[in-house]
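Sharing a structure below in structure tokens format, with a few things to ask.
The values are calculated or read from the model by the stated rules, or taken from the named source; none is laboratory data. This is a predicted model, so every value here is computed, not measured. Positions of Cβ are generated from backbone atoms using ideal geometry, with glycine treated the same way; all protein chains shown enter the neighbour counts. Protein only, heavy atoms only, side chains kept; ligands, DNA and RNA dropped before computing areas. Shrake-Rupley method; radii C 1.70, N 1.55, O 1.52, S 1.80 Å.
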Amino acid sequence: MTQALRLGIAGLGTVGVGVVKIVRRHAELLQARTGRPIEIVAVSARDAAKDRGVNLSGFAWESDPVALAKRDDIDVFVELMGGENGPAKASVEAALASGKDVVTANKALLAIHGQALAEQAEAASRVIRFEAAVAGGIPVIKSLTEGLAGNDIKRVMGVMNGTCNYILTRMQSQGLGYNALFEECAQLGYLEADPNLDVGGIDAAHKLALLASIAFGTKPNFDGIEIEGIQHISLDDIHQADDMGYRIKLLGVAQRTPRGLEQRMQPCLVPSDSPLGQLEGGTNMVVIEGDAVEQIVLRGPGAGEGPTASAVMGDVCDLARGLRISTFGQPATSLVDSKPAITGLPAPYYLRLALLDKPGALAKVAAILGNAGVSIDRMRQYAHAEDTAPVLIVTHKTTRATLDVALEDLRTTDVVAGEPVALRIEQV
């Protein structure tokens, strides 16, 4: 019989337990599909006594994940602990130094240290696979590195945090405010230990950094991403964007521009009838545009035991088959530094203003926008609420820098109450 591929799993949370279940439940199927048995030899987690709902007695136990990574009787180190530093980083480095391949779901680790780890892996003739780190069960890494390898990628964009999409779509459908839905997500266990990783856009930005590296042949550059969360999105924005034919999504976009690589993770408006506009609940979606394939849309569950463990096992099966691809789709030494685009490509914007009930207020707003070089496409004014009237404006294409000049003047004028809201409208 062909020698088994032996796994060591560090981290027995939701995803780690899901991997154990798949290996046991589908042992014969995995062997049929890869040509060799796949077995778990040893595991590591913080609490050996914890009841995880699966029998772990047949596996060797290591309290230290670094010790697990160095074991001579494993071929693949599966890192499912999370965290950009600490035990996760130390154990992955130890695994590579010990001649092990690595499968991980750790987007933060790779977004911050991916270049150094990829170079270490290549120097040791090892590989790092991380399908589970981006968009859960959606095979987006495999799509970029394999299925679309013949394309010059033009743009990658998507909804890559299910918690944020759940909040925004529940605001839309149920009329609940952000704060109430944040508490609901906390009670349902949808939020990270640090909730800002979710609602602040950081979790999704880690994923975007990895996709951009593969798509454009650049070193992962998390620091080059413009990041804005959903904390300031109000029900007024949700309903009034809907009235204008749009939905609000936390959207990640990476694309080359004449000024450099544009990477943004921010709330944007997308057409209500577009695939992204119709995306509901905790589902993820990634849109990839290439010169040959034009546009493809990948949709599926972005998190959870089954979907994420499925992605882990897809990588394990590729290693069992002998498929070995460079971490970011090409040799790490060939990746180039990206030049962050300081200003994004021109786009239309949605503006929401609260105008004071003064004669000529609307004309003054139009003049400020015109003087800054911002052209109005359409405008809608609503009934007065006490002494202010909500006004919605959709601009023609403009740069954010140009718009910021107008916003600064609007803040200081005597006809606008409160802070103007400005959201980019993304063409999908």
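In the stretch 186-266, what percent of the accessible surface is made up of carbon and sulfur (1.4 Å probe, ligands and nucleic acids excluded)? Before the final figure, lay out each step's value.
Numbers: 1290 of 2910 Å².
Carbon with sulfur: 44 percent of the solvent-accessible area.
Near K107, which lysines are there with a Cα under 24 Å away, not counting those fewer than 8 places off in the same chain?
K21, K70, K89, K142, K154, K207, K219, K249, K339
In whole percent, and with a 1.4 Å probe on the protein chains, what portion of the accessible area of the stretch 26-97 is carbon and sulfur?
Working: 1660 of 3660 Å².
That share works out to 45 percent.
Would you pull out the residues with amide H under 5 Å of Y246's amide H, same chain only if 5 or more places away, H placed 1.01 Å from N?
S272
May I pose another question? Distance from the Cα centre of the stretch 354-408 to that of the stretch 125-197, in angstrom?
Their Cα centres are 33 Å away from one another.
Okay, moving on. Counting heavy atoms of the protein chains only and a 1.4 Å probe, report the per residue accessible area for the stretch 371-428 as a whole number of Å². Mind showing how you got there, number by number?
Details: 2960 Å² over 58 residues.
In whole numbers, the stretch 371-428 has 51 Å² accessible per residue.
Another question, then. On full extension of the chain, what length is gained from T413 through A180, given 0.36 nm per residue of separation minus the C-alpha to C-alpha distance?
Values: separation 233, 0.36 × 233 = 83.88 nm, distance 3.34 nm.
Length gained, T413 through A180: 80.5 nm.
Whenever you get a sec, line up D291, D75, D101 from highest to lowest accessible area (probe 1.4 Å, protein heavy atoms). All intermediate terms of the calculation are to be shown ahead of the outcome.
Numbers: D291 90, D75 40, D101 10 Å².
Largest to smallest exposure gives the sequence D291, D75, D101.
Here's a follow-up. Could you pull out every residue, at least 5 positions away or on a different chain, whose amide H is within less than 5 Å of the one on V293? Hs are placed 1.01 Å off N in the peptide plane, and Pro or chain starts have none.
Excluding prolines and chain starts, which carry no amide H, there are no hits.
Skip the ligands, DNA and RNA, and give the accessible area per residue of the stretch 1-97 with a 1.4 Å probe, whole Å².
On the way: 4700 Å² over 97 residues.
That works out to 48 Å² per residue.
Next question. Rounding to the nearest 20 debye, state how big the charge dipole of the stretch 132-243 is about its Cα centre with +1 on each Lys and Arg Cβ and -1 on each Asp and Glu Cβ.
Working: 6 positive and 15 negative charges, 120 e Å.
The calculated dipole for the stretch 132-243 is roughly 580 debye.
Let me ask another. Which residue fluctuates most in the GNM of the chain (Cα springs below 10 Å): A363, A180, A45?
Between A363, A180, A45, it is A363 that shows the largest mean-square fluctuation.
As an exercise, use a Förster radius of 60 Å and the Cβ-Cβ distance of T14 and A363 to find the FRET efficiency, rounded to the nearest 0.05. Don't skip to the answer; put the middle values down first.
Numbers: r = 57 Å, r/R0 = 0.95.
Given R0 = 60 Å and the Cβ-Cβ separation, E is 0.60.
On average, how much accessible surface per residue is there in the stretch 213-314, in Å², for a 1.4 Å probe, leaving out ligands, DNA and RNA? Numbers along the way, then the final one.
Working: 3690 Å² over 102 residues.
With the other protein chains kept in place, the stretch 213-314 gives 36 Å² per residue.
Considering only Y350, A45, G58, whose Cα is most displaced toward the positive end of the charge dipole of the chain, charges sitting on Cβ of Lys, Arg (+1) and Asp, Glu (-1)?
Result: G58.
Something else about it: Could you pull out which residues in the stretch 240-257 have an amide N less than 11 Å from a spot 7 Å beyond the Cα of D377, following the Cα-Cβ vector?
Only 245-246 fall inside the zone, counting backbone N under 11 Å.
Only Cα pairs under 8 Å and at least 6 apart count here; give the relative contact order of the chain as a rounded whole percent. Numbers along the way, then the final one.
Working: 918 pairs, mean separation 69.0, N = 428.
In percent, rounded to a whole number, it is 16.
How large is the dipole of the chain about the Cα centre if only Lys and Arg carry +1 and Asp and Glu carry -1, each at its Cβ, rounded to the nearest 20 debye? Kindly include the intermediate steps, with their values, before the conclusion.
Details: 40 positive and 51 negative charges, 196 e Å.
Value, rounded to 20: 940 debye.
Hey, another quick one. Step through the residues of the stretch 133-145 one at a time and calculate ³J(HN,Hα) from phi using the Karplus curve (6.51 cos²θ - 1.76 cosθ + 1.60, θ = phi - 60°), rounding each to whole Hz and writing x for Gly and Pro.
For the stretch 133-145, the Karplus curve yields 7, 10, 6, x, x, 7, x, 7, 5, 4, 4, 6, 7 Hz.
Using unit Cβ charges (K, R positive; D, E negative) and no other charged atoms, how large, in debye to the nearest 20, is the dipole of the stretch 1-113 about its Cα centre? Mind dumping the intermediate values first?
On the way: 14 positive and 13 negative charges, 66 e Å.
Approximately 320 debye in magnitude.
For the stretch 53-61, in order, what is each residue's ³J(HN,Hα) by Karplus, 6.51 cos²θ - 1.76 cosθ + 1.60 with θ = phi - 60°, in whole Hz (x at glycine and Pro)?
Values per residue, Gly and Pro as x: x, 9, 7, 10, 5, x, 10, 5, 10 Hz.
Write down the percent of antiparallel bridges among all DSSP beta bridges whose residues are both part of the chain, to the nearest 5. List each step's numbers first, then the result.
On the way: 50 of 74 bridges.
Expressed as a percentage, antiparallel bridges in the chain total about 70.
Sorted by accessible area (1.4 Å probe), largest first, how do L12, L356 line up? Could the numbers behind the result be given before it?
On the way: L12 15, L356 45 Å².
The residues order as L356, L12, largest area first.
While we're on this one: Report the extension gain between T2 and R321 in nm, rounded to one decimal, defined as 0.36 nm multiplied by the number of residues separating them, less their alpha carbon distance. Walk me through the numbers before you get to the answer.
On the way: separation 319, 0.36 × 319 = 114.84 nm, distance 1.14 nm.
113.7 nm is the gain from fully extending T2 to R321.
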